[in-house]
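These notes concern the structure reproduced below.
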C-alpha cells in the first residue's frame, strides 16, 4: 500500500511539474496573441481622401457590389471612371445612380460605361482596341468582375 501511495504521489508531482508550466505558457500565449488577433480581425474599412484628379480608372464589374462602390469612390475622388460591364442596361442604371448620389459634389470626376463580354476573347480584344482608341491614358485598373461561362 505504501508503494502504491508513493507511486500516486510521484505521478502527481510529475503531472504537476509538467502541467503547471504548460498551462502558464498557454495562458501567456493567449494573453499576448488574443489582443493582436482581436485588433486585426475587426472588420474595418479603408478611407482615403487622396484626390485622383486627371486619372483614368477602368473597373470591371463596376455596376454591382464591390465594383460599384469602388467606381463610386474613385469618381468621388475626381477620377474619370470607365465601368466595364456585361449588361448595358444595368451599367446605365449604375452610372445614373452614381451620378445621382454624387450630384452635389463639385469635385467629382466623370463616369462612363462600356460593355464587355469577359467570356469571349474576341470581344475582350475588341473592347480593348476601342478603349485604346477612345482613352488617352489608363492609371488604375480594377479587375473585379467574376467570369461565369456556361457550356451548351
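The figures follow:
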quantity	calculated
Nearest-0.05 FRET efficiency for residue 73 and residue 141, computed from C-beta distance (R0 22 Å)	0.90
Exposure proxy order (Cβ contacts within 10 Å, fewest to most) of 75, 127	127, 75
Residue order, fewest to most surrounding Cβ atoms within 10 angstrom, among 113, 83	113, 83
Cα extents of the stretch 93-150 along the three principal axes, largest first (Å)	41, 29, 16
Efficiency of FRET from Cβ geometry, residue 66 and residue 106, R₀ 25 Å, rounded to 0.05	0.40
Which of 70, 32, 136 has the fewest Cβ neighbours within 10 Å, and the rest in rising order	136, 32, 70
Kirkwood-type radius of the stretch 56-143, with distances r between different C-alpha atoms, in Å	12.9
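Every number here is computed from the coordinates shown, using simple stated rules; none is lab data. Every value quoted in this text rests on a predicted model; they were computed, and no experiment measured them. Every residue, glycine as well, gets a Cβ built from its backbone with ideal geometry; the counts of neighbours run over all protein chains shown.
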